[in-house]
1. From the list B:A28, B:A47, B:A11, B:A58, pick out the single residue that is closer than 28 Å to A:Q92 by Cα and either touching a strand residue (DSSP E or B) at 6+ places or on another chain (Cβ under 8 Å) or within 12 Å of DNA strand C (Cβ to nearest atom) (or both).
2. Among the listed residues B:R43, B:R20, B:R12, identify the single one that is at pLDDT below 95, more than 7 Å from every other protein chain (Cβ to nearest Cβ) and more than 30 Å from A:L68 (Cα to Cα).
3. If only one of A:V33, A:V8 is more than 17 Å from the chain's Cα centre (by Cα), more than 8 Å from DNA strand D (Cβ to nearest atom) and among the β-branched types (V, I, T), which one is it?
4. Kindly indicate the residue of the stretch B:39-70 that is in contact with a Leu (Cβ under 8 Å, 6 or more places away or on another chain), in a helix (DSSP H, G or I) and in contact (Cβ under 8 Å) with a residue 24 or more places away in the chain and also surrounded by the most Cβ atoms within 10 Å (Cβ to Cβ) among those meeting that condition.
5. Tally the residues that are in contact with a Phe, Trp or Tyr (Cβ under 8 Å, 6 or more places away or on another chain) and closer than 25 Å to A:Q80 by Cβ, restricting the search to the stretch B:15-48.
6. Can you find a residue in the stretch A:83-101 that is modelled with pLDDT of 95 or more and within 13 Å of DNA strand C (Cβ to nearest atom)?
7. Could you list, ordered by first residue, the pairs with Cβ atoms under 8 Å in which the first is in the stretch A:5-26 and closer than 15 Å to A:R43 by Cα and the second is assigned to a helix (DSSP H, G or I) and among the basic types (K, R), at least 6 apart or interchain?
8. Restricting to the stretch A:18-36, give me the number of residues that are surrounded by 14 or more Cβ atoms within 10 Å (Cβ to Cβ) and outside any loop (DSSP other than H, G, I, E, B).
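The values are calculated or read from the model by the stated rules, or taken from the named source; none is laboratory data. Not measured: the values here are computed from a predicted model. Glycine also receives a Cβ, built like all others from the backbone with ideal geometry; neighbour counts cover every protein chain displayed.
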There are 2 protein chains.
Amino acid sequence: MTQFGAFVQTARRSLQEGDRRYSLRQVAKRIGVEPGYLSKIERGQVAPPSEAATLRLAKELDEDPDVLLALGGKVSSDLQEVIRKRPRLFAQLIRELRDAPDHAVLRLVREVRDGDW
Amino acid sequence: MTQFGAFVQTARRSLQEGDRRYSLRQVAKRIGVEPGYLSKIERGQVAPPSEAATLRLAKELDEDPDVLLALGGKVSSDLQEVIRKRPRLFAQLIRELRDAPDHAVLRLVREVRDGDW
DNA sequence: GCGAGTGTGTAGTGTTTAGGAAACATGACG
DNA sequence: CGTCATGTTTCCTAAACACTACACACTCGC
């Protein structure tokens, strides 16, 4: 159930192959947690870390923050804020898109980016 | 800072005018919390309740669940799940829409509902 | 005047979150 | 051999979350 740990461990080890600065201990130090804690995270012995720690980890491992947060069972707080400001609107849109195929959602993204409003 | 309590209190009192079954005590009983707790919630003496309790309260007071959750600083967990399943896609879309006017978002909703994908 | 119902104040409880500290075991190197 | 550096294990905890329990004070309707 803890996709998160395995994903992080794989990503880190892959970086570690070419660069010994990506040992568990050094990564832990750079993102500001204890080595023991990161070890437990990687092996799913504890729940995924806080949003803040997850973001530091994503940056360190050069992974997509939203993906890593998702693996940790979280949604970025800035996205939540957007939704909370117009709850009815966004709730409706997101539920509407729950079963839409990727390409349909992507089309909307492009549509909005080409901002014709 | 606690919009939530005031909103709930106003809604409940408004219902109470025409129907004495909407006393704080009776509402508390129906949604399954202690009266003292609901009292503190209404006056913002404690943080807004859990998602589950908020949803029962919304139903009881016939208010929009997403709005009430938003006032409580939360986002419905089913919306979060939708986002977590395709984080990159939805993160992009939502950030893109952060500053879009309501009518633009609404147009998307309609577009999707008329499901042309 | 008293019982039923109302809202409130104080205190305390169990659980979850998000880690830290320190010791331990292993292996590589010089 | 000694000493790094690596990953791991055990134990502990401070703070936040989500409430409950219960006594108190007030106000009606009869």
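1. B:A47
2. Within the list B:R43, B:R20, B:R12, the selection yields B:R20.
3. Every option except A:V33 fails the conditions.
4. Selected residue: B:L57.
5. The total comes to 4.
6. no
7. A:L24/A:R12
8. Total meeting the criteria: 8.
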